[in-house]
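**Student:** Please find one structure pasted underneath; my questions will follow.
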Amino acid sequence: MRIEQNYSLLKHNTFGLDVKTKYFVEYENEADLQALFRDEYFFSQQFWHIGQGSNLLFLGDFDGIIIHSAIQGVEKIKETAGFVWLKAGAGTDWDSFVAYCVENGWGGLENLSLIPGEVGASAVQNIGAYGAEAAECIEEVHAYFLETGEKKIFSNAECAYSYRHSFFKEPENKGKYYITYVVYKLSKKPEFRLDYGNIREHLADKPVNLDTVRQAVIAIRESKLPDPKKTGNAGSFFVNPYICIAHYEGLKKHYPDMPHYPVNDEVVKVPAAWLIERCGLKGKTIGGAAVHEKQPLVIINQGNATGQDIADLAAEICRAVKEKFFIDLSPEVNFI
Ligand SMILES: Cc1cc2nc3c(=O)[nH]c(=O)nc-3n(C[C@H](O)[C@H](O)[C@H](O)COP(=O)(O)OP(=O)(O)OC[C@H]3O[C@@H](n4cnc5c(N)ncnc54)[C@H](O)[C@@H]3O)c2cc1C
């Protein structure tokens, strides 16, 4: 177990904020984690589990313990003619895991290429992109419950996945389960989803296989999203809001070009980026934080932003969208 004191989290958050934590604890295996759960000092402090910090906003220094999993690696635990089951350590880099699956010809995650973060968080967040969601391939999640120190293996159904949501994000469960492994079930005979974003156009006349689809997704993402290694950001700051059909019909009279995606007979999803853009907020700055010029759903650190600048800009976006469209935006990013 690695323990650091008065430790900078600069390399542990993609906003690039140089905040400090009183303690940083990294566990190597499940035995380390169990030892942590027996430690009285640990429970006397405030604490928070992080992955790569690509969906977090630290509002300032953290007066407590930041925990990180160093459980890495991928093991094939079962195989049939059509599928493989892979048990991946929670601290495994997500995109390296996707690359490994693609190289081996196992399909299901290729549309989720280049999403920053780790395997553990993929199961918390139900990460999604280009018509795919992690939940479609998650078979089991191995997690420890903080309050009892006991391990529970969650089935996919028990994870209660929905759009960017899971059991682990429910207010009563948030921060209470530490994920150590995720079992993914992948297909040896992949079915490709090419009708999202511009995947089909990017492929042009190339053959369609796992590698070409992954490369197309990477190319599209690189052309649209700022690279957090160069410009601090946490990807989409807000989730796309759901509104009732009556609300949508009312807005459509004023904004006939408003994009929308039916969710069911009563609800539609509206792109938050469109709402923000129509509020004229592209490029808007507060302190060192700015709304990205190309993708208004992304808030960037121009180099000298504080966590508070970013939070203030997010609040200003919410206020403007509410005033113009009567829609409440919810942050996808976790405020710490
Ligand atoms: C440039 C960019 C693009 C992005 N694009 C997308 C996208 O297309 N689709 C998408 O869905 N997301 C996207 N994101 C958001 C982000 O990549 C995901 O939310 C990712 O899953 C976060 O992983 P992480 O390891 O950094 O987790 P963190 O941000 O560190 O943590 C996220 C949450 O997971 C919890 N957590 C992390 N590890 C564990 C664990 N082992 N046990 C228990 N809880 C844990 C944390 O407590 C927190 O609640 C993007 C982010 C960036 C910066």
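The values are calculated or read from the model by the stated rules, or taken from the named source; none is laboratory data. This one's a predicted model, so the numbers in the text were calculated from it and none came from an experiment. Glycine gets a Cβ as well: all are built from the backbone with ideal geometry, and neighbour counts include every protein chain shown. In case anyone asks, the SASA skips ligands and DNA or RNA and just uses the protein heavy atoms, side chains included. Shrake-Rupley method; radii C 1.70, N 1.55, O 1.52, S 1.80 Å.
**Student:** Among Gly235, Gly197, which is the only one that is in contact with an Asp or Glu (Cβ under 8 Å, 6 or more places away or on another chain) and on the phi > 0 side of the Ramachandran plot? Don't jump to the end; show me each part of the working.
**Tutor:** Values: Gly197 fails: in contact with an Asp or Glu (Cβ under 8 Å, 6 or more places away or on another chain).
Going through Gly235, Gly197 in turn, just one is in contact with an Asp or Glu (Cβ under 8 Å, 6 or more places away or on another chain) and on the phi > 0 side of the Ramachandran plot: Gly235.
**Student:** Moving on to the next point. Do we have any residue at all in region 49-58 that's touching a strand residue (DSSP E or B) at 6+ places or on another chain (Cβ under 8 Å), within 13 Å of the ligand (Cβ to nearest atom) and of a type in the set (Ser, Thr, Tyr)?
**Tutor:** Taking every residue of region 49-58 in turn, at least one turns out to be touching a strand residue (DSSP E or B) at 6+ places or on another chain (Cβ under 8 Å), within 13 Å of the ligand (Cβ to nearest atom) and of a type in the set (Ser, Thr, Tyr).
**Student:** Sort out which residues of region 35-92 are β-branched (Val, Ile, Thr) and under 21 Å from Pro331 (Cα atoms), and write them in order of number.
**Tutor:** If we filter region 35-92 for residues that are β-branched (Val, Ile, Thr), which is where we start, we get 50, 65-67, 71, 74, 77, 80, 84, 92.
Hit for region 35-92 is Ile50, nothing else.
**Student:** Still on this structure, I have one more. Would you be able to tell me the number of residues in region 192-216 that are part of a loop (DSSP other than H, G, I, E, B) and not basic (Lys, Arg)?
**Tutor:** Final tally of qualifying residues: 11.
**Student:** Considering region 298-336 alone, what residues qualify as being part of a loop (DSSP other than H, G, I, E, B) and either of a type in the set (Val, Ile, Thr) or open to solvent by less than 70 Å² (accessible area, probe 1.4 Å) (or both)?
**Tutor:** First, pick out the residues of region 298-336 that are part of a loop (DSSP other than H, G, I, E, B): 302-306, 326-330, 332-333, 336.
Passing the criteria: Gly303, Ala305, Thr306, Ile327, Leu329, Ser330, Glu332, Val333, Ile336.
**Student:** Another question, if that's okay. Could you count how many residues in region 127-170 are within 12 Å of the ligand (Cβ to nearest atom), in contact (Cβ under 8 Å) with a residue 60 or more places away in the chain and either in contact with a strand residue (DSSP E or B) (Cβ under 9 Å, 6 or more places away or on another chain) or of a type in the set (D, E, K, R) (or both)?
**Tutor:** Count: 4.
Each row is one residue, and each column tells you yes or no for (1) within 20 Å of Val119 (Cβ to Cβ); (2) at pLDDT 95 or above; (3) not assigned by TED's automatic domain parsing to the domain that holds Ala121.
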| site | (1), (2), (3) |
| --- | --- |
| Gly16 | no, yes, yes |
| Lys20 | no, yes, yes |
| Ala31 | yes, yes, yes |
| Arg38 | no, no, yes |
| Phe42 | no, no, yes |
| Gly51 | yes, yes, yes |
| Asn55 | yes, yes, yes |
| Leu59 | no, yes, yes |
| Ile65 | no, yes, yes |
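**Student:** Examine region 205-228 for a residue that is within 28 Å of Ile50 (Cβ to Cβ) and touching a strand residue (DSSP E or B) at 6+ places or on another chain (Cβ under 6 Å), and state whether such a residue exists.
**Tutor:** Within region 205-228 (the criterion being within 28 Å of Ile50 (Cβ to Cβ) and touching a strand residue (DSSP E or B) at 6+ places or on another chain (Cβ under 6 Å)), the answer is yes, since at least one residue qualifies.
**Student:** So, one more: Filter region 116-148 down to residues that are in a loop (DSSP other than H, G, I, E, B) and open to solvent by 20 Å² or more (accessible area, probe 1.4 Å) and give me whichever is nearest to Val217 (Cα to Cα). Before the answer, list the steps.
**Tutor:** Looking only at region 116-148, we keep the residues that are in a loop (DSSP other than H, G, I, E, B), and these are 116-117, 126-127, 130-131, 137, 146-148.
If we keep only those that are open to solvent by 20 Å² or more (accessible area, probe 1.4 Å) too, we end up with 116, 127, 130-131, 147-148.
Working: Pro116: 13, Ile127: 15, Tyr130: 8, Gly131: 11, Glu147: 40, Thr148: 42 Å.
Here the answer is Tyr130.
**Student:** Within region 171-182, is even one residue under 14 Å from the mean Cα position of the chain (by Cα), among the hydroxyl-bearing types (Ser, Thr, Tyr) and within 12 Å of the ligand (Cβ to nearest atom)?
**Tutor:** To start, the set of residues in region 171-182 that are under 14 Å from the mean Cα position of the chain (by Cα) comprises none.
No, region 171-182 has no match at all.
**Student:** Which one is nearest to the ligand (Cβ to nearest atom) among residues in region 63-82 that are open to solvent by 20 Å² or more (accessible area, probe 1.4 Å) and assigned to a strand (DSSP E or B)? Steps first, answer last, please.
**Tutor:** Pass one, region 63-82, residues open to solvent by 20 Å² or more (accessible area, probe 1.4 Å): 63, 70, 72-81.
Now narrow it down to the ones that are assigned to a strand (DSSP E or B): 63, 74-79.
Numbers: Asp63: 17, Val74: 15, Glu75: 17, Lys76: 21, Ile77: 19, Lys78: 23, Glu79: 26 Å.
That would be Val74.
**Student:** For region 229-297, list the strands (runs of 3 or more DSSP E) that sit wholly inside it and hold at least 2 residues that are open to solvent by less than 40 Å² (accessible area, probe 1.4 Å); which are they? Talk me through it step by step, then tell me what you get.
**Tutor:** Working: elements: 232-236, 242-244, 267-269, 289-291.
Once the strands (runs of 3 or more DSSP E) in region 229-297 are filtered for at least 2 residues that are open to solvent by less than 40 Å² (accessible area, probe 1.4 Å), what remains is 232-236, 267-269, 289-291.
**Student:** Okay, next question. Looking at Thr21, Thr14 in this structure, which one is of a type in the set (Ser, Thr, Tyr), crowded, with 17+ Cβ neighbours inside 10 Å and either touching a residue at least 60 places away in the same chain (Cβ under 8 Å) or in a helix (DSSP H, G or I) (or both)?
**Tutor:** Thr14
**Student:** If Lys189 meets every condition in (1) away from the ligand (no atom under 15 Å from the Cβ); (2) open to solvent by less than 40 Å² (accessible area, probe 1.4 Å) apart from one, which number is that one?
**Tutor:** Condition not satisfied by Lys189: (2).
**Student:** Which of the residues belonging to region 83-103 are assigned to a helix (DSSP H, G or I) and either outside the structural domain of Pro116 (by TED's automatic domain parsing) or open to solvent by less than 10 Å² (accessible area, probe 1.4 Å) (or both)?
**Tutor:** Passing the criteria: Trp94, Phe97, Val98, Cys101.
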